[in-house]
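> Sharing a structure here in structure tokens format.
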Amino acid sequence: MTKTSATIPITENDSQYYAGQQLISTTGGGGSVFSFPGLNTTLISNYNEFGDQVRDTGNFSIHLLPTSTTIPSASNLISAALISVSNTTNNTVLLQPPSMPADQFLFLQLTDIARGDNWGSYSYLTLNEIIDNWLMSYVGEDKIIQKIKRSDVLFHARRAMQELSYDTLKSYKSQELTVPTNLTVPIPKDYVNYTRLAFADGSGVLRTIQPLSGLSGNPTEMPIQDGATGIPSQSSYDTNLEAAQSLIEDRWNKANKNDITGNYTPFQSDGVFDAAWYKTAYGQRYGLDPVVSNQNGWFSINQRTGTFNFSSNLVNQVIFLSYISDGLSYTLNSIVPKLVEEAMYAQIASRIFQLRRDVDGGTKQVFKRDSYVKTRNAKIRLQNLKLDEITQWFRGQSKWIKH
């Protein structure tokens, strides 16, 4: 988690930013409370002040060094159970036992993940900062709005971020997963829609997995029927009895993809190139159906089980799942690129003015148009077009034969 702002300048030095390190002295008789205010990352400990573990792991470690030139190592590492964060505003940590030796040094090291989150964080704002900046600019005496509740602004800010996340913001997230033997993986908890599913081949190249698109299906209900009449059977509580497993899904999981794609080989006795078929039907097979001519496999979204289902040829494959989140799955620390800051302000203003009775229709239209223009500008900015990259893609247009 990083702390960013449009108004606060960079406070980290190069060692804090690039290496995620800070060295402070315990001079002054020792103590138990120490602060690391220069860091742009909020420190998170996995133990609280009472020594109880509250999470799997924190995002930093601390070493106690006798001199400023001592190399941090496992021998001088302070146990994570003795460290807790007492104030996240200025990154104050509480160390146990209550007093550290005087005239020594504390060396803080962020984890690799925390450093990765911090790198490049200057290009973002948090949603909380967007709201604060909007209130400061739009609300008050001699401003557009005299008075408004922060909760109202929060609602419209979250709605604006959701809408921008779908087609403007870089709200794509991705996971690396392995397809288990049951051919399913759960839908991520902040999932809104997928952008791509692919599996990684031996060289790490991503091969796109195609959606099922009606080839098979995942039923949402599976009522058990009477064998003679076909009428669903009910339990003693007057509700339909449901089967434990779908027959359609079972058959699809056992399917041979060659039977679907038509990719038969001469080594199959029933293939299209066996001797009997070759003599009687030579020339009658004109090609594969492009719709199902897919070597990479298929996936579907099973709403009944809340999972992604995969075809049998993808078992044990490493897959890359890229999906869209609305950017609001956690807290108000959700990040917003600074390139869309103006669009966020305009969206919030437009949404608020559309619902206010004290704003005339002409003003509402002005802010609606302003929101549209700034959102369009944000999309152009985030397209991140580079002349060299465009030139490289256009080189492919010179090929006469396309794949």
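The values are calculated or read from the model by the stated rules, or taken from the named source; none is laboratory data. Predicted model only: the values in this text are computed from it and were never measured. So basically every Cβ, Gly included, is an ideal-geometry build from the backbone, and we count neighbours across all protein chains shown.
> Checking the structure you have, find out if any residue of the range 134-141 is more than 21 Å from the chain's Cα centre (by Cα), assigned to a loop (DSSP other than H, G, I, E, B) and closer than 30 Å to TYR372 by Cα.
Yes.
> Let me ask something additional. I'd like the full set of residues that are within 23 Å of GLN303 (Cα to Cα) and surrounded by 10 or more Cβ atoms within 10 Å (Cβ to Cβ), limited to the range 235-247.
THR239, ASN240, LEU241, GLU242, ALA243, SER246, LEU247
> Next question, about the same structure. Can you confirm whether the range 93-107 contains a residue that is hydrophobic (A, V, I, L, M, F, W, C) and either under 28 Å from the mean Cα position of the chain (by Cα) or outside the structural domain of TYR18 (by TED's automatic domain parsing) (or both)?
Looking through the range 93-107, none of the residues is hydrophobic (A, V, I, L, M, F, W, C) and either under 28 Å from the mean Cα position of the chain (by Cα) or outside the structural domain of TYR18 (by TED's automatic domain parsing) (or both).
> Of the conditions (1) surrounded by fewer than 16 Cβ atoms within 10 Å (Cβ to Cβ); (2) modelled with pLDDT of 80 or more; (3) in contact with a Leu (Cβ under 8 Å, 6 or more places away or on another chain), LEU314 clears all except one; give me its number.
Exception for LEU314: condition (1).
> Any residue at all in the range 201-208 that is modelled with pLDDT of 90 or more and of a type in the set (Asp, Glu)?
yes
> Anything in the range 86-99 that is in contact with a Leu (Cβ under 7 Å, 6 or more places away or on another chain) and in contact (Cβ under 8 Å) with a residue 60 or more places away in the chain? List them, or say none.
VAL93, LEU95, GLN96
> Further question on the same structure: Out of all the residues in the range 50-93, which are of a type in the set (A, V, I, L, M, F, W, C) and under 18 Å from GLN21 (Cα atoms)?
PHE60, ILE62, LEU64, LEU65, ILE71, ALA74, LEU77, ILE78, ALA80, ILE83, VAL85, VAL93
> Follow-up. Out of ILE83, ILE131, ILE62, ILE113, I need the residue that is in contact (Cβ under 8 Å) with a residue 24 or more places away in the chain and within 23 Å of LEU154 (Cα to Cα). Which one?
ILE131
> I've got another one for you. Looking only at the range 144-152, decide whether some residue is of a type outside the set (D, E, K, R) and part of a helix (DSSP H, G or I).
Yes: one or more hits.
> State the number of residues belonging to the range 381-402 that are surrounded by 10 or more Cβ atoms within 10 Å (Cβ to Cβ) and over 30 Å from ALA343 (Cα atoms).
Qualifying residue count for the region: 1.
Here's the yes/no breakdown for (1) at pLDDT 85 or above; (2) in contact with a helix residue (DSSP H, G or I) (Cβ under 9 Å, 6 or more places away or on another chain):
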{"site": "VAL336", "(1), (2)": "no, yes"}
{"site": "ASP358", "(1), (2)": "no, no"}
{"site": "GLN365", "(1), (2)": "yes, no"}
{"site": "ALA378", "(1), (2)": "yes, yes"}
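> Let me ask another. For the range 346-383, enumerate the residues that are among the hydroxyl-bearing types (Ser, Thr, Tyr) and over 24 Å from the mean Cα position of the chain (by Cα).
If the condition is that a residue be among the hydroxyl-bearing types (Ser, Thr, Tyr) and over 24 Å from the mean Cα position of the chain (by Cα), then SER350, THR363, SER371, TYR372 are the ones that fit.
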